[in-house]
Structures are given as structure tokens and as C-alpha cells.
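Participant: There's a structure below that I have some questions on.
The values are calculated or read from the model by the stated rules, or taken from the named source; none is laboratory data. Owing to the predicted nature of the structure, the values given are computational and were not obtained by experimental measurement. When we count neighbours, we look across all protein chains shown, and the Cβ atoms used for this are built from the backbone with ideal geometry, even at glycine.
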Amino acid sequence: MALHHLEERLRAISGVAVLALRAGFFYENFLMNVPMIKAMGANGAPSPAEAQWEIIAAADIGRYAASRLRARDFSGFTAVNLVGPRPVSMSETTRVLGQAIGKPELPYVQVGYDDIERGLLGMGLKPRLAAMYVELYRGAAAGLLAPEPGTKTVPLETPLEAFGPVFAAAYAA
């Protein structure tokens, strides 16, 4: 919601070129699941196991932004949805992360929003940030992370599997 308001404020400024890059959920957000996997032996989130998400590598966003800034090929207000090469489900994400850490049978557990918020607070996140992550999960469940109809969508190249070694290093630390 806050980003929508920011976009609206930027859209209202005349004479300024704005490139709004919209990406819903990052692979790197799964690094917060490391303590849960270590403690419970399962990966969890509030999403149904087979719900499809548009997730993306943060580095892809940076590369795309740099290429567009170098090209200077936008004017006025331009919004672009950035997505990974394909939507993935939590069960697929859990399989990929489990394989990366040597636990190919890692289970996925759908957990409640209150449980997620308590877990985030227990990890030391400030209450407002934990609430924002819960809002993100709620938005994803409601389909709000999907690209807005009528806007440009660009699939970027890094597959979830390429994030496996990063996740494995964080898990081993």
C-alpha cells in the first residue's frame, strides 16, 4: 500500500522521468526461513503449498535497473513488473531449498499469519517490519503480487535453483 502511494506521488510530479520497478517477492526473503528449518525441520509460510508466486532474484532487479538507467529509454512515469523466469509454488520452493541443504525430503507446512508474525518478532524484527511481512503474505494470498493488468511485465533470467547455493551457505553459517 505504501509503495502505491509513493508511485502516485511520483506520477504527479511533472517533468521528471520515473521508472517504477515492481517486484513482488525476492528469493532472498527465504533466508528468514533458515532458523525455522533448523529448529523445526520444516519450511513454512502462510501460503497454500501449490499456490503460484512470482518471485525474483534481487540481483536481477539491480541488473535490469542499471540497464534501463544506462539506456535512459523512459520518460514520464513508466511502471514495469519484474518477475522471475516462471511462477513457483511453496512446495517447489521447499524442494529446491531442501535439495540445496542436503534435505531433499524437507516438508512444507502452511502456518497461520499470527504464527509467522510471532516467528518474525522472535527473530528480532521490529513489530512494524514483522507486520509489513505479514501484509506481504496476505497480499500474495489475495493475488495482489501478480502484475497489474495493462502494465508491462518483464521475466528475468535467474531461476530459483540458482539461489540454492546462497541459501545453503546461509543455512551452513
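Participant: Residues of the range 91-107 being in a loop (DSSP other than H, G, I, E, B) and touching a strand residue (DSSP E or B) at 6+ places or on another chain (Cβ under 7 Å), which ones?
Facilitator: Looking only at the range 91-107, we keep the residues that are in a loop (DSSP other than H, G, I, E, B), and these are 101-107.
Result: 106, single match.
Participant: Return the residues of the range 131-173 that are assigned to a strand (DSSP E or B) and not polar (S, T, N, Q); say none if nothing qualifies.
Facilitator: Within the range 131-173, the subset assigned to a strand (DSSP E or B) is 152-155.
Passing the criteria: 152, 154, 155.
Participant: Moving to a separate point now. Got at least one residue in the range 39-53 being more than 25 Å from residue 125 (Cβ to Cβ), modelled with pLDDT under 95, out of contact with any Cys (no Cβ under 9 Å at 6 or more places or on another chain) and of a type in the set (Ser, Thr, Tyr)?
Facilitator: Initially, the range 39-53 is screened for residues more than 25 Å from residue 125 (Cβ to Cβ), giving 50, 52.
If we keep only those that are modelled with pLDDT under 95 as well, we get 50, 52.
From what is left, the residues that are out of contact with any Cys (no Cβ under 9 Å at 6 or more places or on another chain) are 50, 52.
Now restrict to residues that are of a type in the set (Ser, Thr, Tyr): none.
Looking for residues that are more than 25 Å from residue 125 (Cβ to Cβ), modelled with pLDDT under 95, out of contact with any Cys (no Cβ under 9 Å at 6 or more places or on another chain) and of a type in the set (Ser, Thr, Tyr), one finds none in the range 39-53, hence no.
Participant: Residues being under 29 Å from residue 72 (Cβ atoms) and without any contact (Cβ under 8 Å) to a residue 12 or more places away in the chain: count how many of those fall in the range 4-51.
Facilitator: Of the residues in that region, 10 qualify.
Participant: Let me ask something else about it. Would you mind listing the strands (runs of 3 or more DSSP E) fully within the range 1-83 where at least 1 residues are among the polar types (S, T, N, Q) and buried (at least 19 other Cβ atoms within 10 Å of the Cβ)? Write out each step before concluding.
Facilitator: Values: elements: 18-22, 43-45, 77-83.
So the answer is 43-45, 77-83.
Participant: Restricting the search to the range 115-130, which residues are within 15 Å of residue 30 (Cβ to Cβ) and assigned to a helix (DSSP H, G or I)?
Facilitator: Selection gives 116, 119, 120.
This table checks each residue for (1) under 13 Å from the mean Cα position of the chain (by Cα); (2) farther than 18 Å from residue 163 by Cβ; (3) hydroxyl-bearing (Ser, Thr, Tyr); (4) crowded, with 16+ Cβ neighbours inside 10 Å.
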{"position": "96", "(1), (2), (3), (4)": "no, no, no, yes"}
{"position": "104", "(1), (2), (3), (4)": "no, no, no, no"}
{"position": "112", "(1), (2), (3), (4)": "no, yes, no, no"}
{"position": "121", "(1), (2), (3), (4)": "no, yes, no, no"}
{"position": "129", "(1), (2), (3), (4)": "no, yes, no, no"}
{"position": "135", "(1), (2), (3), (4)": "yes, yes, no, no"}
{"position": "139", "(1), (2), (3), (4)": "yes, yes, no, no"}
{"position": "146", "(1), (2), (3), (4)": "yes, yes, no, yes"}
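Participant: Residue 158 - would you say it is closer than 30 Å to residue 78 by Cβ, among the β-branched types (Val, Ile, Thr) and over 15 Å from the mean Cα position of the chain (by Cα)?
Facilitator: Values: closer than 30 Å to residue 78 by Cβ: yes; among the β-branched types (Val, Ile, Thr): yes; over 15 Å from the mean Cα position of the chain (by Cα): no.
No; evaluated as a whole, the condition is false for this residue.
Participant: Can I ask one more? Please enumerate the residues belonging to the range 1-50 that are under 20 Å from residue 166 (Cβ atoms) and of a type in the set (Ser, Thr, Tyr).
Facilitator: 27, the sole residue that qualifies.
Participant: Select from the range 97-141 the residues that are modelled with pLDDT of 95 or more and of a type in the set (A, V, I, L, M) and list them in ascending order.
Facilitator: 97, 100, 101, 106, 109
Participant: State the number of residues belonging to the range 9-38 that are under 16 Å from the mean Cα position of the chain (by Cα) and either modelled with pLDDT of 95 or more or not small (Gly, Ala, Ser) (or both). Write out each step before concluding.
Facilitator: Of all residues in the range 9-38, those under 16 Å from the mean Cα position of the chain (by Cα) come to 21-34.
Okay, now just the ones that are also either modelled with pLDDT of 95 or more or not small (Gly, Ala, Ser) (or both), so 21-22, 25-34.
Qualifying residue count for the region: 12.
Participant: So which residues in the range 76-94 are more than 13 Å from the chain's Cα centre (by Cα) and aliphatic (A, V, I, L, M), if there are any at all?
Facilitator: Those that are more than 13 Å from the chain's Cα centre (by Cα) and aliphatic (A, V, I, L, M): 79, 80.
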